[in-house]
Amino acid sequence: INAEYGDCLWNAMAKALAWLLLASAMVTASPQGNSRQLLCGDEICSVKSFPAANDTGWQSSGAAKGMFCLNQAPLDRETLGHVSWSFLHTTAAYLPTKLTPTKKKAFLDLVHAVDEIYACSLCRDHFQALIREDPIVVRELNAIDSAEDASLWLWKVHNMVTHTQHPNRPLWLKGLNQPEPGVPTMNASALQAGFAPAFTQNSSNQIRLSTLMPRVRAEVYDAILQRWRAAGGRVAVPSMFAPLYPPGNATVEKATTALLKVDSSGPKMKASQCSLMRQELRQLNSSELLSTCPNVKRARAPGSKVPLKVFTMGRCPYCAATMETLWPFLSGEMWSRFDFKNRYVLQQAPGAATSLMDFVSVHGAGEVLADAYELCAQYQYPGGLEWYKFVRCQDETYWAAGYGRNSAKHDPKNCAHGAGIDYANLAKCANGPMALRLLSESVKEVEAANIAGAPAIEFAGRSIVGMLSADELGDYVCMALACHELQPESSSRSASFATETSLFSEPNQNAYRAVLASSDKMEKNDATALLNKIRLELGITAEDHRRARQMMQQSKPVSVGSGEGSSDDSSVVSAVAVSYTHLTLPTKRIV
């Protein structure tokens, strides 16, 4: 829909300000001397903005040529409608998210004032017929409970007025033409033709706001805010996060939860149970071993953990079952041996993400929020079981993961408390810019691993997509451990860094810079070994290392402990260890 018509419906929507403004008939002349009405897409100027405009009406010369200037004259019917609709839409866009009874009454009174004292009697009669005689419109008006409700009701009513009074004018359908980010917009003509019946007064085909799909509702509201709020839109409304596929009733929910608990009820795995896998791998020839363990010839850092990554979706039942099945294999003795991560399969709209609405996942917008919460738990508690416990709690009602249902047992708040996670910090992360970065990084990791579905598991340089049995998962955990043990260790003189997909953390970067500053005074092999360990645990990439060195050159190095200035290696090592622990343990960066 082009810009002129995009503004048209909304700019024409200003008729509620009418009772505040003078209204008298005014015939305006076009530059050609022919009388014509002001249309919604026409620009309006004033003497102050355009000194060359000398009179009210269409300007034939000067800086305002082709524009309509109000100057000090009374408003005609079209101009009155333009500014009045603008007033109503802007008012709704700035209402508080949740309306108090007082605020709701004030808004309803404002709407009813239009059909009582609006200056243009013809327009007033049209409005009265709409908000008094159409039962659906009346019911939706009285049901308004939030800024979202108010804005969407005005959007619908304005479209209905336009469709009734000006059937040849395009409706304002932004948000309906692109239901998902990255998907091509629908043909404008087809969209107009398809939705016209939905804005017909007293029609059984009339659009009902309560039946709009959550994401469509959010997209339309977002488009409204972008048009009428100076701060713009991109507001993910709460309704879009509601469960799309609930099991149906409490009995089914209970049975589903019980089934998941069966998946995680096995005994904790011990490393000794992988002895048979170790023996089998040693019996393979070099070609077979390389096929089984693609990373077997790649050097690993001394003391590094076994990398194991699963790819899931926050509201996927098979993914929930996979995480539950893995629990007894990883949560016991094996936890200290593995670097276990959970990443999420979703898509991102082109460009930098500015809202959760810029991501799309199979099970709806609520799944994106669930992914955000679970990624934030991993980000804030790396290496700890806290994040895994949080994910398992969410998975018990996987169909509603991430959804804050007041006092529900498995909502993010209660799951965080049960897992020993600071909910305030978690919610701040999940609903802020850090979540957008975490989600974007997850998208990149999925693309880098060439994962086409979920659940999927990546280990030893290979990946497998699909639901796996407990026996299969147990075998793959042992295979990941055995393959890792067969990889040669890199020399202590060789620098090791975290992978490029590791997330940047300012506290960790500062901690690393402090350690790096003191490591210059250590014996080279000792310093390299310590830095390798720290870089892997803090997620310091080669680029992070370069940045830390650059900062050290530009400013005074960070002072660390009592060992500063000492030439004794043992004192320096002690100081580094103290600094490293002091800077990272409070945020649980190291386990």
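The values are calculated or read from the model by the stated rules, or taken from the named source; none is laboratory data. Just so you know, these numbers come straight off a predicted model, no measurement behind them. With ideal geometry, Cβ positions are generated from the backbone for all residues, glycine too; neighbour counts draw on all protein chains shown. SASA here: full protein model, heavy atoms, side chains in, ligands and nucleic acids out. Shrake-Rupley method; radii C 1.70, N 1.55, O 1.52, S 1.80 Å.
Some observations on this one:
- Here the stretch 142-157 is the region considered, the condition is being open to solvent by less than 10 Å² (accessible area, probe 1.4 Å) and among the small types (Gly, Ala, Ser), and the residue that is modelled with the lowest pLDDT is ALA147.
- Qualifying residues in the stretch 288-299 (those that are in contact (Cβ under 8 Å) with a residue 40 or more places away in the chain and open to solvent by 40 Å² or more (accessible area, probe 1.4 Å)) - the one farthest from LEU536 (Cα to Cα): PRO294
- Of all residues in the stretch 79-106, those that are part of a loop (DSSP other than H, G, I, E, B) and open to solvent by 60 Å² or more (accessible area, probe 1.4 Å) total 3.
- Sole residue being at pLDDT 90 or above and open to solvent by 40 Å² or more (accessible area, probe 1.4 Å), chosen from SER265, SER272: SER272
- Pairs linking a residue in the stretch 308-319 that is under 14 Å from THR256 (Cβ atoms) to a residue that is of a type in the set (A, V, I, L, M) and open to solvent by 10 Å² or more (accessible area, probe 1.4 Å), with Cβ atoms under 7 Å and 6 or more positions apart or on different chains, are CYS316/ALA454; TYR318/MET467; CYS319/MET313; CYS319/ALA454.
- Cβ-Cβ under 6 Å pairs, at least 6 apart or on other chains, the stretch 56-69 side part of a loop (DSSP other than H, G, I, E, B) and modelled with pLDDT of 75 or more, far side open to solvent by 70 Å² or more (accessible area, probe 1.4 Å) and acidic (Asp, Glu): MET67/GLU43
- Among (1) surrounded by 21 or more Cβ atoms within 10 Å (Cβ to Cβ); (2) more than 18 Å from the chain's Cα centre (by Cα); (3) outside any helix (DSSP H, G or I), the one test that GLY314 misses: (2)
- Some residue of the stretch 376-389 being charged (D, E, K, R), open to solvent by 10 Å² or more (accessible area, probe 1.4 Å) and under 30 Å from ILE534 (Cα atoms): yes
- Qualifying residue in the stretch 158-178 (condition: of a type in the set (Phe, Trp, Tyr), modelled with pLDDT of 90 or more and over 25 Å from PRO350 (Cα atoms)): no
- Residue count for the stretch 387-408, restricted to those that are without any contact (Cβ under 8 Å) to a residue 60 or more places away in the chain and under 19 Å from TRP327 (Cβ atoms): 4
- Within the stretch 484-520, considering residues that are surrounded by fewer than 18 Cβ atoms within 10 Å (Cβ to Cβ), closer than 14 Å to ARG547 by Cβ and of a type in the set (D, E, K, R), the one modelled with the lowest pLDDT: GLU500
- Qualifying residue in the stretch 432-444 (condition: in contact with a Pro (Cβ under 7 Å, 6 or more places away or on another chain) and open to solvent by 20 Å² or more (accessible area, probe 1.4 Å)): no
- Complete set of residues in the stretch 327-344 that are open to solvent by less than 20 Å² (accessible area, probe 1.4 Å) and either assigned to a helix (DSSP H, G or I) or in contact (Cβ under 8 Å) with a residue 60 or more places away in the chain (or both): PRO328, LEU330, SER331, MET334, PHE338, TYR344
- Taking each residue of the stretch 218-230 that is under 15 Å from PHE87 (Cβ atoms) and looking for partners that are of a type in the set (Val, Ile, Thr) and part of a helix (DSSP H, G or I) with beta-carbon atoms closer than 6 Å, six or more apart or interchain, yields TRP228/THR90.
- Residue list for the stretch 453-463, filter: within 27 Å of the chain's Cα centre (by Cα) and open to solvent by less than 50 Å² (accessible area, probe 1.4 Å): GLY453, ALA454, PRO455, ALA456, ILE457
- Residue match in the stretch 114-122 (condition: at pLDDT 85 or above, out of contact with any Leu (no Cβ under 9 Å at 6 or more places or on another chain) and closer than 30 Å to ALA218 by Cα): no
- Test result for SER146, touching a strand residue (DSSP E or B) at 6+ places or on another chain (Cβ under 6 Å) and of a type in the set (Ser, Thr, Tyr): yes
- Pair list, Cβ under 8 Å, 6 or more apart: the stretch 525-554 residue touching a residue at least 12 places away in the same chain (Cβ under 8 Å), other residue of a type in the set (Asp, Glu) and assigned to a loop (DSSP other than H, G, I, E, B): THR541/GLU500; ALA542/GLU500; GLU543/GLU500
- Residue in the stretch 377-388 that is closer than 30 Å to SER304 by Cα, part of a loop (DSSP other than H, G, I, E, B) and aromatic (Phe, Trp, Tyr) present: yes
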